[in-house]
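Student: Okay, here's the structure, questions in a sec.
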Amino acid sequence: MKTCENHPNRNAYSICHNCRKSYCEECLNEGKEYYYCKNPECQEVLRKELPAEVISSEVIACPNCDNDLEISEEERISGMVHCPECEVLIDFNTDPPKVFHKENYVELFSSLNQGDISIIKSILENANIDYYVFGENFLGAEPLIQPARFFVNENNLEEAKELLKDYDFRIWGYSSNQY
């Protein structure tokens, strides 16, 4: 078995598609089909292979407070990231990134029901409402303790309320149908 070019004491995970050298998993970035090492020439080939929205790194700095943020795949694709340190929402789809301060957002509602959360997200996204959900991932770790809280940009608040006025929220996710 070959060893890593940068770490001779580690086994190679794969080869760089561009330079053809062997590297461990830590020294490689995954492209659409191939792996690439972190050498600048190879990273340039990787950038050409990937769509623009996927290129961002795993850890990015908040432009507001300079805190390191580890972003999820969903955040990377959407380009919208919430900084837990300074409580701002960052839009990395613009250059330079646009920072939305918390006072620009108003809490619309909160829910413990995963079904409601998914449906409401779909409704808001279809209407291009500017929103974010705080605490959505807590429901998996601490169900029924902390609800997911929906925040809507104050400019979209009335439109969001109008969209959701007839929605029947189910706090526990049960059906009232008799069987």
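Student: Using 0.36 nm per residue, how much length does the chain from residue 146 to residue 43 gain when fully extended, once their Cα-Cα distance is taken away? Don't jump to the answer; show the numbers that get you there.
Tutor: Details: separation 103, 0.36 × 103 = 37.08 nm, distance 4.12 nm.
Going from the current span to full extension adds 33.0 nm.
Student: Fewest first, what order do 24, 37, 4 take by the number of other Cβ atoms within 10 Å?
Tutor: Working: 24 17, 37 25, 4 20.
In increasing order of surrounding Cβ atoms, one gets 24, 4, 37.
Student: Calculate one ³J(HN,Hα) per residue across the stretch 28-39 by plugging θ = phi - 60° into the Karplus curve 6.51 cos²θ - 1.76 cosθ + 1.60, and present them in order as whole Hz with x for glycine and proline.
Tutor: 10, 10, 8, x, 5, 10, 10, 9, 9, 6, 8, 5
Student: Length gain on complete extension for the stretch residue 154 to residue 67, per 0.36 nm per residue less the alpha carbon to alpha carbon distance? Before the final figure, lay out the partial values.
Tutor: Working: separation 87, 0.36 × 87 = 31.32 nm, distance 2.57 nm.
That pair, residue 154 and residue 67, stretches by 28.7 nm at full extension.
Student: Calculate the FRET efficiency for residue 106 and residue 59 from the Cβ-Cβ distance with a Förster distance of 45 Å, rounded to the nearest 0.05. Show your work: numbers first, answer last.
Tutor: Working: r = 30 Å, r/R0 = 0.67.
After rounding to 0.05, the efficiency reads 0.90.
Student: Another question, if that's okay. Under 26 Å from the Cα of residue 121, which lysines turn up, not counting those fewer than eight places away in the same chain?
Tutor: 98, 102, 161, 165
Student: Return the lysines within reach of residue 21: Cα separation strictly under 17 angstrom, same-chain partners fewer than 8 residues apart disregarded; answer none if there are no such residues.
Tutor: Partners within reach: 2, 38.
Throughout, read-outs are computed from the coordinates displayed, never taken from laboratory work. For clarity, every value in this text was computed on a predicted model and none was experimentally measured. Reconstructed Cβ throughout: ideal geometry from the backbone, glycine too, with neighbour counts over all protein chains shown.
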